[in-house]
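Here is the structure we will look at, set down as C-alpha cells.
No value in this document is a laboratory result; all are computed from the given coordinates. All of these numbers come straight from a predicted model, not from anything done at the bench. Note that each Cβ is placed from the backbone with ideal geometry, even for glycine, and that neighbours are counted across all protein chains shown.
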C-alpha cells in the first residue's frame, strides 16, 4: 500500500502514474494511440479535480448514470463517485482501506463493496470534499441509498434524481422534471445559470459518441474480433467521465480507427482467436491485466457486453437538450438492468449471442450485486435455448479478497475446455 | 347481558385470527370468493393500494412467502443467495404452487429484490394478471403526480381484467372499509401504551398476518370482536423487563417476537411494513377531490419504507413512535440482504441513541423464529437495559 497522507498527495501520485504510462506507451510502437490518450484523459480529469479549489471551481460529485452533460454545461467540475474512487483505489492499492472504512461507517457486507468503498474514500478524506452530491437510483438500491451518507460525510447539500421504472410518457415526463429540478438545484448552489448552448453542444457530442460506439460494436462482429478486454473498461471510463465532451469523442474516434485498421488487416485482439465469448455484467476491475493476459494465452476474446455497450435504438436532438437527456437515459445500455427485465432484454441477450457468433458467455456474478445476480438464471435459460453455455464466475467488482486470480483462471480454463469439447 | 371481558374471551377472539393463519390459503373466505367466480390477487409491498383491488371486487392477499424460515432451494437457484430471503421465500412458494389460487399479482418498484422477484414471477409463474407500479422514491409534487398516474393505470388495468368498472362510489366504499380497519387497529395498538399491555407484540403480528389473508370486512368484524372482548386487565407479559420497539425489514413469523417476549422484552410498538407501517395513515378525501387522488396521496405519504429519500420523515416517525410508546430500547431486525434497511440502520441507531434509546441490531433470515444466538443477544440487551434503569 502506498502511504499517501492527503487528497492532493494522492491525486498527484495518480497524475505522476498517468504521465509515466503515457511516456512508456509512446516509447513502445505496439501500444495503440487510444491507450496513450486514455491515460492523458485520466490525467486531465484528475487535474481538474485537484485544481478545482484553488481555481474557485464548484465540485459536484455524482453517481454513474447522472447526465454529466449538465455539469460540463454549467462549468461545474464533475467527480464521478464510482470511477473516481475506484481508479484511485486501483492505482494506490487502497481499496481494502476504503471498504473497511465503509464498514466502520455502518455499511455492512450486504452493501456492495463498491458503494462501501466510496463512502470510505470520502470519509478518509482521500477524495476532495465536494460542494454538492447529485445521485440517483439508476441502477440499484445501493447507489440510491448511499447518497445521504455521502452528503453527511461531506456536510454538503445534495439532490436525488429519481428514475421511474418504466417507459411510459408520464414516466418520461417525470424524469424530465427531475432533470429540470436538478438544474435548478445546481443553479442555486453555484449561483450560475445553465448555458443552454453548451448543453446542446454536449448533447450533440453524446449523440456522436453513441454513433461511434455503435460502429465499434459492428467492428467487433468481425472474425477475428479486434477488441481487447482492457479496452472495454477504458471505453466505459472515458464515456462515463466525459459525457458529451470532445475528449470522449476523440478517444472513441481513435479507438474506432485502430479497430478498423485491425479488421482491415485481419488482425484480432488475440491470435489465434479460438473462443468468442459474450460478457455479462462487469468483470472485476482489478483483474483487467489478468484477463488481458489470459485472453492472449488462451485465444479468448470478449466480443460483446450486451448490458454495457449495446445502446438501445434512438436519436438525440441537440435542439431539444432536456428531452434528449431523457431519451439518452432510456437508451443507456445499462438501463436494461433497471427496467423490468422481460422479453425485450432477453431478446437482446439472445440476439447479441447470435450476431456476435459467441461460443459461450461469462456472467461475472458480483456477489454483492443483487439485481444482476438475480438475472443469471433467466439469462442462462435463454442462452441454453440457443445452445450457448454460460459460465457463472463468482467475484466482486472491486474487492480483491473475494476471488483469487487462481480461482478465476481455473474456472475460466474449465469453461474453455468445455467449449473446446463441443 | 353481555359477559364482561375475560382472558378467555380475549383468547377466543384471538383464536379467530389464528384460525385464518392456520388454514391459509385454504380458508373459507378465499374458497368462497373463488367459488363465486371472483378474482383473488396477490400484492407485494405496501405501496400497492389495496382499496383499488377491493373496489374491483377482488380479494387482495398479501404475498408473504412461507411463514417460517426455509431452505430456499428454488429461491436460491432462481434469485441467487444475495437476494433477501423474503423475496426468495415468496418465489419459492410461488414456484412450488403455493400461490396457484391467485389470478394475478401486483407489485411496486420498491427495491431491487422486489423488482427482480416480480421479473422472475412474471417469467416463471404464469398468472393471467400482472401489474407493476412505478413507485417514486421521493415526495415532491411531481412524484405525487406520477404515482397518481401509475395507480390510475392500475385501476384501468384491473377494470379491464375483472370486467368491473371501478367508480368513485366503489372506491369511496372501499376507503371506508379500509379506514375502519385502520381505526380499529389504532385502537388495538394504542392498548400497548399501557404499563401492562393486554396484548403481546407476537399476538399483534398474528392479527396483522390474518388481515393480509382475508376480506377486510370480515377482518374488521374480528377486530371489533377482539376490542369488545379484550380483557384490559389482562397482563400479556408476566415478566416484563423492558419496553421495546421493533424496527427494520419485513417480519412474518410471530414466533420471532414471541421469543423476545418470552425473555421479558415487551414489544409495544414497531415500524414494520407487516404491522404499524401498513395501516398507519388514514385516507382522507378532501372536498372536491376524487377518491383515487386521496388514495394516491396517502400511499405515497404513508409511514415511509427505508427506500424513500430523504429519510427524515421516516426517522421522525420512528422517534415519535418510540416516544409515544415510551420504549426503553429498540431491536432492529434486518432480513439478510435487505439493502435499503441496512443502509438506514446507522441513521436510525444514531437518532434513537440520541434519544437515550439503545438499539440492538439483529441480522436475520426471513421467517426465522429465533435462534440460540439471537436469544443470547436479546438476553444480554435486556440485561443492559435493566442495568441502565437502575
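Inter-part distance, segment A:235-254 to segment A:12-63, computed on C-alpha centroids, equals 13 Å. Here is how the number arises for chain A: DSSP H runs of 4 or more residues each give -39500 (n - 2.57), the sum is divided by the residue count, and the result at 222 nm is -18000 deg cm²/dmol. Taking a ≥ b ≥ c as the square roots of the eigenvalues of the Cα gyration tensor, chain A is rounded, since a/c falls below 1.5.
Taking other C-beta atoms within 10 angstrom as a stand-in for reagent exposure, A:329, A:90 fall in the order A:90, A:329, fewest first.
Taking the DSSP beta bridges in segment B:27-164 as the whole, what percent of them are antiparallel, to the nearest 5? Could you put the intermediate results ahead of the total?
Numbers: 0 of 13 bridges.
If we restrict to bridges inside segment B:27-164, about 0 percent are antiparallel.
Over chain B, Cα pairs under 8 Å with separation of 6+ residues give a relative contact order of 20 percent.
What separates the Cα centres of segment B:161-193 and segment B:204-272 is a distance of 20 Å. When only alpha carbons are used to place a centre, segment B:335-390 and segment A:298-318 end up 45 Å from one another.
Potential lengthening of the chain between residue A:215 and residue A:104 amounts to 35.4 nm, from the contour at 0.36 nm per residue minus the alpha-carbon distance.
Altogether, the Stokes-Einstein calculation at 4 °C and 1.567 mPa s, with the Kirkwood radius of segment A:128-270 over Cα pairs as Rh, returns a diffusion coefficient of 72 µm²/s.
Projected over all directions and averaged, the alpha-carbon convex hull of segment A:353-403 occupies 3.8 nm². Estimated at 0.36 nm per residue, the fully extended path between residue A:75 and residue A:401 surpasses their Cα-Cα distance by 113.5 nm. Between residue B:12 and residue A:265, the distance separating the two model label sites (each 7 Å from Cα on the Cα→Cβ line) works out to 9.3 nm. Report the residue, chosen from B:168, B:270, B:328, that carries the largest GNM mean-square fluctuation when chain B is represented by alpha-carbon nodes joined by springs under 10 Å. Judging by the Gaussian network model, the answer is B:168.
Think of it as helices only: each DSSP H run of n ≥ 4 in chain B is worth -39500 (n - 2.57), and spread over all residues that comes to -16500 deg cm²/dmol at 222 nm. Where the alpha-carbon atoms of segment B:27-164 are placed on the principal axes, they occupy 41, 40, 23 Å, in descending order. Summarising the label geometry, the points placed 7 Å from Cα in the beta-carbon direction at residue B:196 and residue B:26 lie 4.1 nm from one another.
Report the FRET efficiency, 1/(1 + (r/R0)^6), for residue B:384 and residue B:316, where r is their Cβ-Cβ distance and R0 is 35 Å, rounded to 0.05.
Details: r = 26 Å, r/R0 = 0.75.
So, using R0 = 35 Å, E works out to roughly 0.85.
For the protein assembly as shown, what log10 I(q)/I(0) values come out of the Debye formula at q = 0.05, 0.06, 0.09 1/Å, with one point per alpha carbon and no solvent? Reported log10 I(q)/I(0), two decimals: -0.28, -0.41, -0.90.
Percent of alpha carbon pairs in segment A:66-202 separated by more than 22 Å? Walk me through the numbers on the way to the answer.
On the way: 3909 of 9316 pairs.
That fraction is 42 percent.
In plain terms, the chain from residue B:286 to residue B:169 could stretch by 40.6 nm, reckoned as 0.36 nm per residue minus the Cα-Cα distance. Report the FRET efficiency, 1/(1 + (r/R0)^6), for residue A:274 and residue B:96, where r is their Cβ-Cβ distance and R0 is 51 Å, rounded to 0.05. Step by step, r from the Cβ atoms, then E = 0.75.
Take the alpha carbon gyration tensor of segment A:296-375, find the square roots of its eigenvalues, order them as a ≥ b ≥ c, and report rounded if a/c is under 1.5; if not, report prolate when a/b exceeds b/c, else oblate.
Numbers: a/c = 2.19, a/b = 1.63, b/c = 1.34.
Prolate, since a/c reaches 1.5 and a/b exceeds b/c.
Highest GNM mean-square fluctuation among A:322, A:186, A:149, for chain A modelled with Cα contacts below 10 Å: A:149. Between A:252, A:124, A:241, the residue with the greatest mean-square fluctuation in the GNM of chain A (Cα pairs under 10 Å linked by springs) is A:124. According to the square roots a ≥ b ≥ c of the eigenvalues of the Cα gyration tensor, what is the shape class of segment A:240-377, taking rounded for a/c under 1.5, prolate for a/b larger than b/c otherwise, and oblate for the remainder? Because a/c hits 1.5 or more and a/b fails to exceed b/c, segment A:240-377 counts as oblate.
Order of A:235, A:254 from fewest to most other C-beta atoms within 10 Å? Mind showing how you got there, number by number?
Details: A:235 24, A:254 18.
So the ranking, lowest neighbour count to highest, is A:254, A:235.
Inter-label distance, residue A:320 to residue B:323: 5.0 nm, where each label sits 7 Å from its Cα along the C-beta direction. FRET efficiency for the residue A:188 to residue A:129 pair, using the beta carbon distance and R₀ = 30 Å, is estimated at 0.95. Between the helical axis of A:141-154 and the longest alpha-carbon principal axis of chain A there is an angle of about 40 degrees.
Which ordering of B:268, B:285 is given by a fewest-first count of other beta-carbon atoms within 10 Å? All intermediate terms of the calculation are to be shown ahead of the outcome.
Details: B:268 29, B:285 21.
Least crowded to most crowded, the residues run B:285, B:268.
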